[in-house]
1. What about Arg207, is it exposed (fewer than 13 other Cβ atoms within 10 Å of the Cβ) and either at pLDDT 90 or above or among the basic types (Lys, Arg) (or both)?
2. If Glu140 satisfies every condition in (1) within 21 Å of the chain's Cα centre (by Cα); (2) open to solvent by less than 30 Å² (accessible area, probe 1.4 Å); (3) on the phi < 0 side of the Ramachandran plot but one, which is the exception?
3. Only one of these is in a helix (DSSP H, G or I), open to solvent by less than 90 Å² (accessible area, probe 1.4 Å), of a type in the set (Val, Ile, Thr) and under 18 Å from Pro152 (Cβ atoms): Val196, Val182. Name it.
4. Counting only residues that are over 14 Å from Thr55 (Cα atoms) and in a strand (DSSP E or B), how many does the stretch 14-23 have?
5. State all residues of the stretch 168-179 that are part of a helix (DSSP H, G or I), of a type outside the set (Phe, Trp, Tyr) and open to solvent by less than 90 Å² (accessible area, probe 1.4 Å); if no residue qualifies, say none.
6. Does Gln115 satisfy the condition of being of a type outside the set (Gly, Ala, Ser) and within 30 Å of Lys189 (Cα to Cα)?
7. Are any residues in the stretch 57-72 open to solvent by 40 Å² or more (accessible area, probe 1.4 Å) and either in contact with a Pro (Cβ under 7 Å, 6 or more places away or on another chain) or not small (Gly, Ala, Ser) (or both), and if so, which ones?
8. Condition (residue is touching an Asp or Glu at 6+ places or on another chain (Cβ under 7 Å) and among the aromatic types (Phe, Trp, Tyr)) applied to the stretch 100-120: is it met by at least one residue?
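The values are calculated or read from the model by the stated rules, or taken from the named source; none is laboratory data. Since this is a predicted model, take the numbers as computed values, not measurements. Here the Cβ positions follow ideal geometry from the backbone for every residue, glycine too, while neighbour counts run over all protein chains shown. The protein model used for the area step is the full one, side chains on, heavy atoms only, and it has no ligands, DNA or RNA in it. Shrake-Rupley method; radii C 1.70, N 1.55, O 1.52, S 1.80 Å.
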Amino acid sequence: YSTIIEPYSIDEAFIDLTGHIKNEKQGIVIIEEIRQRIKDEVGEWLGCSAGLSYTRWLAKFASDMADKGGSNIITKKNLEEKLEEADLVDAWGINCRIEARLKLIGIRSLLDLKQAEPYKLIKYLGAYGYSLWAHVNGIEIAKVKIKEELKPKSIGHSYQVPQKDGYSENFPRLLMKMCEKVGRRMRSKGYSARHVSLAIGFRGKERFYKTHKLSYELYDTHSIYEAVIALFGSERTTGTISFIAVSVSGLVNVNWQ
C-alpha cells in the first residue's frame, strides 16, 4: 500500500498514502481493504480501527475518534465538525494537565484551540502551544517517518528476580550484566546516552526509582554501571528484591573522535 510506514507502537502505525491515491475515496477503499484483510488473514478476534486524513496528527485523531473496529475520515470540509465532537483531552497530546493550562487562558474546546491566536499559545506553552494549534488547524509539522529515521527514546533491560533469590551478594554482578546488555544494544545502534535510570521493586514495598542527567555521554558498560551504582547510592536494604530495570535515554549519535 505504501513504502512509507512508521511503526508508532506495538499495535499502531502511520501509513503515508501520498502518491498512491488520487482522492479520499481511494483512501477509504484502501483502509477498508486493510481492515478486512486483518479479519481474513489473522482472525475476527483482532479488531482494527483506522483514521484517514491529510496530516499525520489528524489521521491519528480520526482513528482515536473512530468507533471500535470502525473507520473515520477527516477532511478540510468536516474538520470543525469533527473537532466539535471531541473534548480537549480526546485530542492526542492533550492530557489533564495541559487541559487545565489551556482553560486558564480561555480555551475550553478544540474549536477554541483552532481559533486561538498562535502567539498567545506560544506565550503560555512555548513551542508545544504552537504544535497544538497547528495540529487542529491541519498544518503538517511531523511527517510520517520510516523505520530507519526513527530514533528510540530510550534503551533498557529489565529482570524479574526469582522469588528464591531476592536481595543477595549477586546483586552487583546481576546489575553489571544488565548494564552490559543495555550498553551492547545502545552501541549496536550507534548511540551514546546522557541520561541513566534505575528502578528496583521490593516485595511488599514501594518501588525505588531514580533518574539522572549526566554532564558526559555514556558509552561503555563500565560507565553505565558506575552511573547506575551512583544512583543507588546508600539505598542498601535487607528487603527482598523482586524487579530490576536499567535504562538509558537522551540518546545521541556517537561522536567517534
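1. yes
2. The single condition Glu140 does not satisfy is (2).
3. One residue alone meets the criteria, Val182.
4. Of the residues in the stretch 14-23, 1 are over 14 Å from Thr55 (Cα atoms) and in a strand (DSSP E or B).
5. Passing the criteria: Pro172, Leu174, Leu175, Met176, Met178, Cys179.
6. So Gln115 does not fit the description; no.
7. Going through the stretch 57-72, the residues open to solvent by 40 Å² or more (accessible area, probe 1.4 Å) turn out to be 64-65, 67-68, 71.
Result: Asp64, Met65, Asp67, Lys68.
8. no
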